[in-house]
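Input: a single structure, listed below in structure tokens.
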Amino acid sequence: MKVYNVAIDGPAGAGKSTVAKMAAAALGFIYVDTGAMYRALALYFIRHGIKAEETARIGEALPTLDVSIEYRDGEQVVLLDRENVNAFIRTQEVGQMASLISPLPAVRKKLLFLQRGLAERTSVIMDGRDIGTMVLPDADVKIYLTADAQVRAGRRLKELEAKGESCEREEILREIVARDEQDMSREVSPLRKAQDAVVVDASNLTAQEVADRIVSLVRERCEKCR
């Protein structure tokens, strides 16, 4: 049976993880949350007081770290040295740290092998910033998922409010715009649309509508690959 790979890239807050999970479930593919893997490493560095600019300390810590993904009762569980860190990796602090460490060659090299290994063994949907351009350049289907910054800020505000956290919409918007600039201008693997990627603008679409569109694209493209 042929293995199919789907790459979903796009800016922060576009809904990549949500729709990737939905599409993977509909297709029977494995969802690989690469962002969660970077966040797990970021959490470790924060916990141990290692700053993003301390590349020597990061390099020393990496060989002993283990980050993996397992499915337990249908839920993806991110493990950091065997600890389930799902409850700790979605904070703004961890997200900012993940963005800072993700361009580091040593960090990328550690995670790249695992990500590609999964894609070689089974059909996967991966989402991130450089999946279609760097991690899985030969993916059967590439999606560039985007949305207006104002829309992304509004969605993020609702998420925080649902968790009981207070934050100003304008502050969230500034962080999103700054994050976009940082991700798109970094020297190593910047966020950009792969030449053969299909652009999906989620500004005025529900998560289900985006997922359905991705599933349709995958079924059409993968049928042609046979």
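The values are calculated or read from the model by the stated rules, or taken from the named source; none is laboratory data. Because the structure is predicted, anything quoted here is derived from the model rather than measured. Cβ placement follows ideal geometry from the backbone for every residue including glycine, while neighbour counts extend to all protein chains displayed.
For segment 123-156, which residues satisfy the criterion of being over 19 Å from A178 (Cα atoms), buried (at least 22 other Cβ atoms within 10 Å of the Cβ) and of a type in the set (A, V, I, L, M, F, W, C)?
Listed by number, the residues that qualify are V124, I125, M126, I131, V135, L136, A139, V141, I143.
Test of understanding: among I172, I176, which residue is outside any strand (DSSP E or B), touching a residue at least 60 places away in the same chain (Cβ under 8 Å) and either of a type in the set (A, V, I, L, M) or loosely packed, with under 15 Cβ neighbours inside 10 Å (or both)?
I176
Of these, A56, A98, A40, which one is among the small types (G, A, S) and touching a Lys or Arg at 6+ places or on another chain (Cβ under 6 Å)?
Going through A56, A98, A40 in turn, just one is among the small types (G, A, S) and touching a Lys or Arg at 6+ places or on another chain (Cβ under 6 Å): A98.
Taking the stated definitions as given, is L160 in the same structural domain as A24 (by TED's automatic domain parsing), touching a residue at least 60 places away in the same chain (Cβ under 8 Å), closer than 26 Å to I69 by Cα and not in a loop (DSSP other than H, G, I, E, B)?
So L160 does not fit the description; no.
From the list E120, E181, E93, E159, which residue is closer than 26 Å to M22 by Cα, under 18 Å from the mean Cα position of the chain (by Cα) and surrounded by fewer than 18 Cβ atoms within 10 Å (Cβ to Cβ)?
E159
Rundown of residues vs (1) touching a helix residue (DSSP H, G or I) at 6+ places or on another chain (Cβ under 8 Å); (2) modelled with pLDDT of 90 or more; (3) in the same structural domain as E159 (by TED's automatic domain parsing), yes/no style:
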site	(1), (2), (3)
A52	yes, yes, no
T55	yes, yes, no
R72	no, no, no
L80	yes, yes, no
E83	no, yes, no
I89	yes, yes, no
V107	yes, yes, no
I131	yes, yes, yes
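Taking A106 and the conditions (1) surrounded by fewer than 16 Cβ atoms within 10 Å (Cβ to Cβ); (2) over 21 Å from V6 (Cβ atoms); (3) under 16 Å from the mean Cα position of the chain (by Cα), which numbered condition does it fall short on, given that it satisfies the others?
Unmet condition: (3).
If we keep just the residues of segment 185-211 that are in a helix (DSSP H, G or I) and free of Cβ contacts under 8 Å to residues at least 12 places away in the same chain, which is nearest to V107 (Cα to Cα)?
S185
If we scan segment 140-157, do we find a residue that is closer than 30 Å to T122 by Cβ and assigned to a helix (DSSP H, G or I)?
Looking for residues that are closer than 30 Å to T122 by Cβ and assigned to a helix (DSSP H, G or I), one finds none in segment 140-157, hence no.
Listed residues I125, I131, I143, I101; which is over 18 Å from V218 (Cβ atoms) and touching a residue at least 60 places away in the same chain (Cβ under 8 Å)?
That would be I101, the only listed residue that is over 18 Å from V218 (Cβ atoms) and touching a residue at least 60 places away in the same chain (Cβ under 8 Å).
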